[in-house]
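Laboratory data are not the source of any read-out in this text; all were calculated from the coordinates shown. Source: prediction; values computed, not measured. Cβ coordinates were reconstructed from backbone atoms using ideal geometry, including for glycine residues, and neighbour counts include every protein chain displayed.
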Amino acid sequence: MRKIPSGVYGLNRLLDGGVNENTVTVVIGSSGAGKTTLAAQFLRRGLEAGDDGVFITLDEAPRQILQEVRLMGWETVDDFLDEGSLVFVDAGGKQFSQFIQKELAEFVDEWAGHNARIVIDPLTPVLWSVKEKYEQRELVSFLLRQTRRIGTVLCTLEEHGVAGDLSTQDVIIPMYLADNVVHLRYASHESPERRDLKIIKCRSSKHSRSWHPYGIMKGAGLYVRRPIDAAQPAEHAADLEARLDARLGELPPEARAKFGPVVLENVRRAVRTLAEQEFSDIDPDELLDLILMEYEHG
Ligand SMILES: Nc1ncnc2c1ncn2[C@@H]1O[C@H](COP(=O)(O)OP(=O)(O)O)[C@@H](O)[C@H]1O
Ligand SMILES: [Mg+2]
């Protein structure tokens, strides 16, 4: 199976290189954990590589999601929409079980032969649309089987109640059916608030077993750190673009060749945005490392 890069800086090394193609990844987290942000990064990475992206939204209107991803630093999102490689399916307010049984098959046929990344954000209302456990299982299983036929799938799941308890029914079924599970643990009630993530499973891969602190920053989106707790002093890095150029210059030619014009343009844009931010919990060079790693091995 071929690994594809996640688009989340620092995450691939936890997943033994990325997620396997045509698999299903479930991302679990409470409100504000960064699920939608992560999902958008996953699509963006595929689009940059020339693949298609389908964003099936069940909660927020596409317009709202677009606004959020632009605010997070993805300024070129409209270009992909205009050229038709990025498509939104607004499934909010629909009868999900009907939608899945009738419209989905049509949709999958239309996209047959494509190599897409598909996001379902969030999957939770699909489970709630039917009552019985076996119905939930059948419905989700059918949905995931169909969508993975046209590409690599990432679903988000809402975590309710005590953070870290993954034993509720609406979490267990999708976790069981997924190939990969990422848990975003967001302690919003703590001060300072704390975010860390763990790979719960990643089929046929030697994945990380640790909790890794992660952060969210305009320009980078979600990024994942090594499992260390040492806090960094706040720092600005106005020269970040120069640092990037220096790093690119040091790369061996094979690695440098991975940075095509589109990727390079996007990395530059991200780095320019990052240069204006305050680095409070990650060293700028560490973040540059993560960004370069994403593309060097992609
Ligand atoms: N410019 C920003 N810098 C840092 N964090 C941000 C920024 N914009 C949004 N966030 C964070 O991103 C989170 C929202 O992520 P989102 O993907 O919508 O979460 P979810 O889908 O899990 O509810 C919020 O917790 C917010 O703190
Ligand atoms: Mg969300």
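General observations
- Candidates 194, 117, 63: whichever shows maximal mean-square fluctuation once the chain is modelled as a Gaussian network with Cα springs under 10 Å: 63
- Protection proxy ranking of 3-10, 73-80 - average other beta-carbon atoms within 10 Å, highest first: 3-10, 73-80
- Residue by residue, the range 218-226 carries 3J(HN,Hα) couplings of 4, x, 10, x, 7, 9, 10, 9, 5 Hz when phi is fed to the Karplus relation 6.51 cos²θ - 1.76 cosθ + 1.60 (θ = phi - 60°); x denotes Gly or Pro.
- Relative packing of 291-298, 103-110, 207-214, 35-42, which averages over residues the other C-beta atoms within 10 Å, highest first: 35-42, 291-298, 207-214, 103-110
- Radius 14 Å from Cβ of residue 166, net charge of other residues (Lys, Arg +1; Asp, Glu -1): -1
- Note: relative contact order over the range 91-191, using C-alpha pairs below 8 Å and six or more positions apart, is 30 percent.
- Among 119, 267, 26: highest mean-square fluctuation, GNM of the chain, C-alpha pairs under 10 Å: 267
- Normalised contact order of the chain, rounded percent, pairs of Cα under 8 Å and 6 or more residues apart: 24 percent
- The angle separating the long axis of helix 133-147 from the principal Cα axis of greatest extent in the chain is about 60 degrees.
- Table column - 3J(HN,Hα) (Hz), the range 60-69, Karplus curve with 6.51, -1.76, 1.60, x for Gly and Pro: 9, 6, x, 4, 5, 5, 4, 4, 5, 5
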